[in-house]
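Encoded as structure tokens, the structure appears first; notes follow it.
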Amino acid sequence: MSATQSTGTAPVVPLRGGAVFPGKVQEIAIGRKQSYNAARVAFEESLPILVLVQYDGSIEHPDADDLTPVGILATVLALNETQQHGTQMRVRLERRVLFDSLVQTTPYLTGQYSPLPEDTRAPDDLMAEAIAYVEEYAHMLGEVNRRLLSNLRSYRTAGNLADYIAGLLSMPLENEIDLLVEADGVARLVLIVEYLEQEIRIADVRNKIQQEARAGADKAQQDFMLREQMKAIQRELGEDTVSFVEELRNKIADLPLPELVRERAGKELARLERAGDHSAESGVIRTYLEWLTELPWGIATEDNLDIDHVRAILDEDHYGLDDVKDRIVEYVAVRKLAGNAMKGAIINLNGPPGVGKTSIATSVARAIGREVVRISLGGVRDEAEIRGHRRTYIGAIPGRIIRSLRDVKTSNPVIVLDEIDKVGSDWRGDPSAALLEVLDPEQNHSFTDHYLEVPYDLSQVIFITTSNTTRTIPLPLYDRMESITMPGYIEDEKVQIAQNYLIRKQASGHGVATTDINFSEAAIRKLIHNYTYEAGVRQLERQIGTLIRKIAVSVARGESGPFTIDEAYILDQLGPEKVSYGVAEEEDEIGVVTGLAVSANGGDLTKIEVSLSEGNGRLVLTGSLGDVMKESAQAALTYARANARTLDLNPAVFDKTNIHIHFPAGATPKDGPSAGIGVTTALISAFTQRPVRKDVAMTGEVTLRGKVLEIGGLKQKTIAAHRSGIMTVIIPQANVKQIPDLPEQIRAEVTIIPVEHIEAVLDVALLAATGEPWGGHLPHAEDETRVPSAPPLTDSSAERRPAA
């Protein structure tokens, strides 16, 4: 390297948007007044000019920090002004120099510079590689200039070759600045080689994509020409086939479409003809017309309107469930009389798992002779699942309702919307809002799917929805449905279902239908009591299946039977008892009441325990209780305090006693007001020392005045009491109207006592006291501290006088 130049100052021209390199003559556009002044002074006074590059081209008046630390010292050869291009400065770019500082800013920039050593190294391998890359890159771009390429071999140093190549390439500003400030010539040439390698790889990929696209276009054009020639040949041979457009036109003409739908189909068909086979839009239109023509417009299955046949099929498939069966028979009867003027039914079957909601819906379709479609709504959060996607989206399809009609090829199926209480909502929409139109008899005759964008008649569809609870169903949606509660089965019903349905079904499913298998009734009852805990029969069927599989193993080993399943066999095969239902207390106890509750498994017993201890009147509530149940306990305590004298209790005892009310099964959340009379009875029993009858269960809300208010879930609660062997149930008087809806066996075997006031509950549930009341008896009148009575507020006999 050599360094012969000296330090100096020169006018400065800062460049924006690009860099220049030494060793060539170049035109530079002048746009700023400062730059023009600098160029004019340098040209008129034959001074060198310092060409620098701005990092940020948007800065109008740069300072030293905004300029590159290395610039090009140049000579101004000419200064031209043209109307088209403005002021142009023609310069000969001499050499790199180190930019030290700005010494003047007006009327033009003047900078101080110092020399940079010149790099004279010339590695042959690197220079040959760079020249080869430049030639390959030029050939790939199709911009081969023989004169420019021949000049590559005239440079004798790596730095000069790098500067020449950099002037030929169009690089990003960041790369140009890196090359400009790099004083090492070999390093500059390495940067050039790396950049060319990357550009060649990108150009290879780009050329490959273009070739594939060109080949695809050529293939499409070739296919089009061959199809046209084939059509011409077929026409000459008299074998002309109907085009897809003509096929769709014929389908549309044959279908009994509503006028609005026919008009829309005609417009889409005309668009398809205009678009042509190779248009991207034609595929979307074609798919839409296929969906439109595949729907069962005007196609309906014929209903079996024989009422006796329908009832027989329903009874054959399911035991009990008279409410559902009666409603379907009513539908068939009205349909028989009113014909198509009757709209489809919209029924909600609500009940715990395993009671047969989904299977009875399938049985309804078989009884009437309709197709059935099951749509599970559990976890659905996208409105488009119901209404479909608009055609503007890629891969759009209709919603589940329209798709199900296409699949069953009839417009009047039974559609089962399973788990409607588990529909969710998020940013994609609320599916329950979309169901409002589907399940509204006044609107679903013109249901519009987002994809079809034409109305479709759903009025002849029977919609049967299922749910485990109605609390999570939005009220506007629930209002559109006729809800039938399926609370569960009593024990005798489960025995009948097992004997007549489940055993036969499981034996057939496990290949032992012809084997002699006998379940004793005691064995079935043991399964119900000690191996299942449910309102329905799903777990019971699963346990029966387990026993049948044990027998299947024996049959597979060569045993022929007969096989008898009794209680001992169950204990041997299924192991120790896994479940115990709530049972009645073994003896009458003080402060312990048997309440009734409703859970996901139907009705159940719940114990209410009250314990008293000396203290300061603190009330403790335990058992994972909700706010409503806590408030119910507070109301019960207030009633007891307010009526202490009536109950022969010392009112002061409540301030000296800590009361602990506990509901066992503490891991199970509990809430609701129906334990009110149970808590009140337990409290009064504990204070009066009167035992509670073990054979009595109760349910009802209590007020501060002791009135007993109506509760829900009466059927489930009475079933739970009957199942547990409790044959006396106290209920609110307001629930008497629901007694006819209870199972016949419950009404016959359980004594139901309606009450209006808590006093009637105490008369039935409490026995005679076994000792003195807690805190002693109420003091006699003569022992009490006498308090003078207050004078009357008014004297009816006295003359009224105006106040002064």
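The values are calculated or read from the model by the stated rules, or taken from the named source; none is laboratory data. A quick note: this is a predicted structure, and the numbers were derived from the prediction, not measured. Cβ: placed from backbone, ideal geometry, glycine included. Neighbour counts: every protein chain shown. Heavy atoms of the whole protein, side chains included, go into the accessibility calculation; ligands, DNA and RNA do not. Shrake-Rupley method; radii C 1.70, N 1.55, O 1.52, S 1.80 Å.
Each residue in region 701-748 was checked for being of a type outside the set (A, V, I, L, M, F, W, C) and either free of Cβ contacts under 8 Å to residues at least 24 places away in the same chain or touching a Gly at 6+ places or on another chain (Cβ under 6 Å) (or both), and 9 of them qualify.
Is there a residue being open to solvent by 10 Å² or more (accessible area, probe 1.4 Å), outside any helix (DSSP H, G or I), closer than 27 Å to Leu502 by Cβ and out of contact with any Gly (no Cβ under 7 Å at 6 or more places or on another chain) anywhere in region 387-407? No, region 387-407 has no match at all.
The set of residues from region 248-262 being under 37 Å from the mean Cα position of the chain (by Cα) and either in a loop (DSSP other than H, G, I, E, B) or not basic (Lys, Arg) (or both) comprises Leu257, Pro258, Leu260, Val261. The condition (being in contact (Cβ under 8 Å) with a residue 24 or more places away in the chain and open to solvent by 60 Å² or more (accessible area, probe 1.4 Å)) is satisfied by just one residue among Glu541, Glu559, Glu589, Glu534: Glu589.
Assess whether Val761 counts as being closer than 20 Å to Ala640 by Cα, touching an Asp or Glu at 6+ places or on another chain (Cβ under 9 Å) and not in a loop (DSSP other than H, G, I, E, B). No; evaluated as a whole, the condition is false for this residue. Contact map, region 466-494: first residue free of Cβ contacts under 8 Å to residues at least 60 places away in the same chain and at negative phi, second residue open to solvent by less than 40 Å² (accessible area, probe 1.4 Å) and assigned to a loop (DSSP other than H, G, I, E, B), Cβ cut-off under 6 Å, separation 6 or more or different chains; pairs are Lys494/Val537.
Within region 104-119, residues that are open to solvent by 60 Å² or more (accessible area, probe 1.4 Å) sit with their Cβ atoms under 7 Å from residues that are of a type in the set (Ser, Thr, Tyr), at 6+ positions apart or across chains, in these pairs: Gln104/Thr110; Gln112/Thr9; Gln112/Ser101; Pro117/Ser2; Glu118/Ser2.
Scan (1) open to solvent by 50 Å² or more (accessible area, probe 1.4 Å); (2) at pLDDT 90 or above; (3) part of a strand (DSSP E or B) for the single condition Glu631 breaks and write down its number. Evaluating Glu631 over (1) open to solvent by 50 Å² or more (accessible area, probe 1.4 Å); (2) at pLDDT 90 or above; (3) part of a strand (DSSP E or B) leaves (3) as the failure.
Scanning region 56-73 for residues that are open to solvent by 60 Å² or more (accessible area, probe 1.4 Å) and among the polar types (S, T, N, Q) returns a single hit, Ser58. Contact map, region 356-379: residues that are more than 19 Å from Tyr331 (Cβ to Cβ) paired with residues that are assigned to a loop (DSSP other than H, G, I, E, B) and among the acidic types (Asp, Glu), Cβ distance under 7 Å, separation 6+ or inter-chain. Pairs shown: Ser376/Glu419; Leu377/Glu419; Gly378/Glu419. Leu141 meets all of the listed conditions (1) over 30 Å from Ile202 (Cα atoms); (2) open to solvent by 20 Å² or more (accessible area, probe 1.4 Å); (3) touching a residue at least 24 places away in the same chain (Cβ under 8 Å) but one, namely (1). Among the residues of region 1-22, is there at least one that is within 21 Å of Glu174 (Cβ to Cβ), hydroxyl-bearing (Ser, Thr, Tyr) and not in a helix (DSSP H, G or I)? Within region 1-22, none of the residues are within 21 Å of Glu174 (Cβ to Cβ), hydroxyl-bearing (Ser, Thr, Tyr) and not in a helix (DSSP H, G or I).
Counting only helices (runs of 4 or more DSSP H) wholly contained in region 490-556, the ones carrying 2 or more residues that are under 41 Å from the mean Cα position of the chain (by Cα) and within 23 Å of Arg747 (Cβ to Cβ) occupy 491-497, 521-530. Restricting Leu196, Leu189, Leu180, Leu161 to residues that are touching a strand residue (DSSP E or B) at 6+ places or on another chain (Cβ under 9 Å), of a type in the set (A, V, I, L, M), open to solvent by less than 10 Å² (accessible area, probe 1.4 Å) and part of a helix (DSSP H, G or I) narrows the list to Leu180.
Filtered by the rule that a residue be small (Gly, Ala, Ser), open to solvent by less than 50 Å² (accessible area, probe 1.4 Å) and touching a helix residue (DSSP H, G or I) at 6+ places or on another chain (Cβ under 8 Å), region 345-378 gives Ala345, Gly351, Gly354, Ser363, Ala367, Gly378.
Only one entry in Val76, Val53, Val97 is crowded, with 20+ Cβ neighbours inside 10 Å, at pLDDT 90 or above, in a strand (DSSP E or B) and under 60 Å from the mean Cα position of the chain (by Cα), namely Val53. Residue count for region 352-376 under the criterion of being of a type in the set (Gly, Ala, Ser) and at pLDDT below 85: the result is 3.
Any residue that is touching a Leu at 6+ places or on another chain (Cβ under 7 Å) and in a strand (DSSP E or B) - is there at least one of those in region 438-446? Checking region 438-446: not a single residue is touching a Leu at 6+ places or on another chain (Cβ under 7 Å) and in a strand (DSSP E or B).
If we scan region 449-463, do we find a residue that is at pLDDT below 85, open to solvent by 40 Å² or more (accessible area, probe 1.4 Å) and part of a strand (DSSP E or B)? No: region 449-463 contains no residue that is at pLDDT below 85, open to solvent by 40 Å² or more (accessible area, probe 1.4 Å) and part of a strand (DSSP E or B). Could you list all residues from region 28-50 that are assigned to a strand (DSSP E or B) and loosely packed, with under 15 Cβ neighbours inside 10 Å? Matches in region 28-50: Ala29 only.
The residues on offer are Ser467, Ser425, Ser508, and the sole one that is surrounded by fewer than 17 Cβ atoms within 10 Å (Cβ to Cβ) and at pLDDT 85 or above is Ser508. So, in region 648-663, exactly how many residues are open to solvent by 40 Å² or more (accessible area, probe 1.4 Å), at pLDDT 90 or above and under 23 Å from Val761 (Cβ atoms)? Residues in region 648-663 being open to solvent by 40 Å² or more (accessible area, probe 1.4 Å), at pLDDT 90 or above and under 23 Å from Val761 (Cβ atoms): 2 in total.
Of all residues in region 384-396, those that are more than 17 Å from Glu290 (Cβ to Cβ) and in contact (Cβ under 8 Å) with a residue 12 or more places away in the chain have Cβ atoms under 6 Å from Cβ atoms of residues that are assigned to a helix (DSSP H, G or I) and among the basic types (Lys, Arg), 6 or more apart or on another chain, in Glu385/Arg400. For region 589-614, a tally of residues being at pLDDT 90 or above and in a loop (DSSP other than H, G, I, E, B) returns 2.
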